[in-house]
Amino acid sequence: MNESYQVCNIQREEIPDFLRLCHDEGWSPTYEMIESFYKFDKEGLFVGKINGEIVSAIAAIKYRQNYGHISYFVVSKNHRGSGLGSKLFSHAFEHLNGNIVGLNAVESMITKYENIGFKKQYYVEKIVGISKATANFDALILSNVFNFDASMLIENKITDYFLTDRKEMLLFWLTLPSAITKVYINDGKIQGFASIHQKHKENAWEISPIISDNMEIAKLLIVCLMNSIPSGCNVTLLIPEINKQSLKMIEELKDLFNFEKKDTEPLMYKYVNDQQKQLIQNYQSEASINHVFGVLSLCIG
């Protein structure tokens, strides 16, 4: 390892360097997203430097209760294989120590993560499609769909389908500057919500999350979001394979939006006690996971 290598928290003016490493890897975070991470948990963004040059980066964003998520872990290609990544990961993990820690792994890294205590939970399918305007639902049903307002998250059970309280994280994500969020309300009760936000690449968007009481509402929310952006955009959805209804949903919308599976990545968790293990099991029970038709994000869980 280069003796001049140092790991430190990112400074706001270094966000473009963080993004450069991510984009070189083919990932698509935007400046607004990483800046929002910085505002939410600025101690959770790390960079590694050699003689002042940023050569590695990682996000380890901590929720306010019990959970943190690791993402955007990258070392520049000409510095790989020299131990820089291990030192960076250790710093990031220390920031989350004692919490349940989640990450999504590429296949080549699964064994390495298992060796340090992470356990594979379920796979997330990356589904890609093309947006287009459609009148697939009648006006009466569409009249139940509203634009998101922050007050809707207060004391609402629809936000509870996760392994810990994440209302604050949801509010952060659903109000990203580029986000469009739709909410389905029936008889004064929120029965579903979904959000779409723009990615770094031109004409590229991502729908995440999709939380709903049933598949039909989830389908309606997807159609509404697809109608909220220009036709012809590339759109990614993040579907939990463990929820079979979410897979059926994609199949039923396949012809409408040219949906196809691009990739799968396992979600992995590391926990430190039986209470945390139980929280994970509760989240993955049918009573909870069957409401999750699209995960929040690969970068924050």
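The values are calculated or read from the model by the stated rules, or taken from the named source; none is laboratory data. What you are looking at is a predicted structure, and each value in this text was computed from that prediction instead of being measured. Note: ideal-geometry Cβ built from the backbone for every residue, glycine included; neighbour counts use all protein chains shown.
Taking the condition farther than 18 Å from Leu19 by Cβ and polar (S, T, N, Q), does Ser108 pass? Quick ask: steps written out before the conclusion?
Working: farther than 18 Å from Leu19 by Cβ: yes; polar (S, T, N, Q): yes.
So Ser108 fits the description; yes.
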Note to self: within 24 Å of Glu94 (Cα to Cα) and modelled with pLDDT of 95 or more: is that true of Lys261 in this structure?
What the structure shows: no
Check: Are any of the residues in segment 258-275 β-branched (Val, Ile, Thr) and over 20 Å from Glu125 (Cβ atoms)?
Finding: yes
Item checked: Residue list for segment 236-253, filter: in contact (Cβ under 8 Å) with a residue 24 or more places away in the chain and part of a helix (DSSP H, G or I) -> Gln245, Ser246, Leu247, Lys248, Met249, Ile250, Glu252, Leu253
Notebook entry, point to check: Since Asn104 meets every condition but one in (1) crowded, with 18+ Cβ neighbours inside 10 Å; (2) farther than 22 Å from Leu174 by Cα; (3) in contact with a strand residue (DSSP E or B) (Cβ under 6 Å, 6 or more places away or on another chain), which condition does it not meet?
Noted result: (2)
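Out of Lys49, Lys42, Lys87, I need the residue that is free of Cβ contacts under 8 Å to residues at least 60 places away in the same chain and in a helix (DSSP H, G or I). Which one?
Checking each option against the conditions leaves just Lys42.
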Check: Has segment 169-186 got any residue that is in a helix (DSSP H, G or I) and among the charged types (D, E, K, R)?
Finding: no
Notebook entry, point to check: Quick check, is Ile100 at pLDDT 90 or above and touching a Lys or Arg at 6+ places or on another chain (Cβ under 9 Å)?
Noted result: yes
Note to self: Being polar (S, T, N, Q) and not in a helix (DSSP H, G or I) is the filter here; which residues of segment 1-39 pass it?
What the structure shows: Asn2, Ser4, Gln6, Asn9, Gln11, Ser28, Thr30
Next item on the list: Filter segment 179-205 for residues that are over 17 Å from Met152 (Cα atoms) and either touching a residue at least 60 places away in the same chain (Cβ under 8 Å) or crowded, with 20+ Cβ neighbours inside 10 Å (or both) and give the result.
Entry: Ile196, His197, Gln198, Lys199, His200, Lys201, Ala204, Trp205
Notebook entry, point to check: Given the residues Leu247, Leu225, which is the only one that is more than 19 Å from Ser71 (Cα to Cα) and either in the same structural domain as Ile58 (by the TED database) or crowded, with 20+ Cβ neighbours inside 10 Å (or both)?
Noted result: Leu225
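Is at least one residue of segment 254-261 farther than 27 Å from Tyr113 by Cβ, acidic (Asp, Glu) and outside any helix (DSSP H, G or I)?
Yes, segment 254-261 has at least one match.
For (1) in contact with a Lys or Arg (Cβ under 7 Å, 6 or more places away or on another chain); (2) among the aliphatic types (A, V, I, L, M), each residue gets a yes or a no:
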| residue | (1), (2) |
| --- | --- |
| Arg12 | no, no |
| Ile15 | no, yes |
| Leu19 | no, yes |
| Gly26 | no, no |
| Pro29 | no, no |
| Ser36 | no, no |
| Gly44 | yes, no |
| Lys49 | no, no |
| Glu53 | no, no |
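Here is a check on your reading of the model: is Ile54 in a strand (DSSP E or B), farther than 24 Å from Trp205 by Cα, touching a strand residue (DSSP E or B) at 6+ places or on another chain (Cβ under 7 Å) and among the β-branched types (Val, Ile, Thr)?
Taking the combined requirement at face value, the residue satisfies it.
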Check: How many residues are among the small types (Gly, Ala, Ser) and crowded, with 19+ Cβ neighbours inside 10 Å if we restrict to segment 282-301?
Finding: 3
Margin query: When you check Tyr63 against the structure, is it among the hydroxyl-bearing types (Ser, Thr, Tyr), in contact with an Asp or Glu (Cβ under 8 Å, 6 or more places away or on another chain) and either more than 17 Å from Trp27 (Cβ to Cβ) or surrounded by 19 or more Cβ atoms within 10 Å (Cβ to Cβ) (or both), yes or no?
Written below: yes
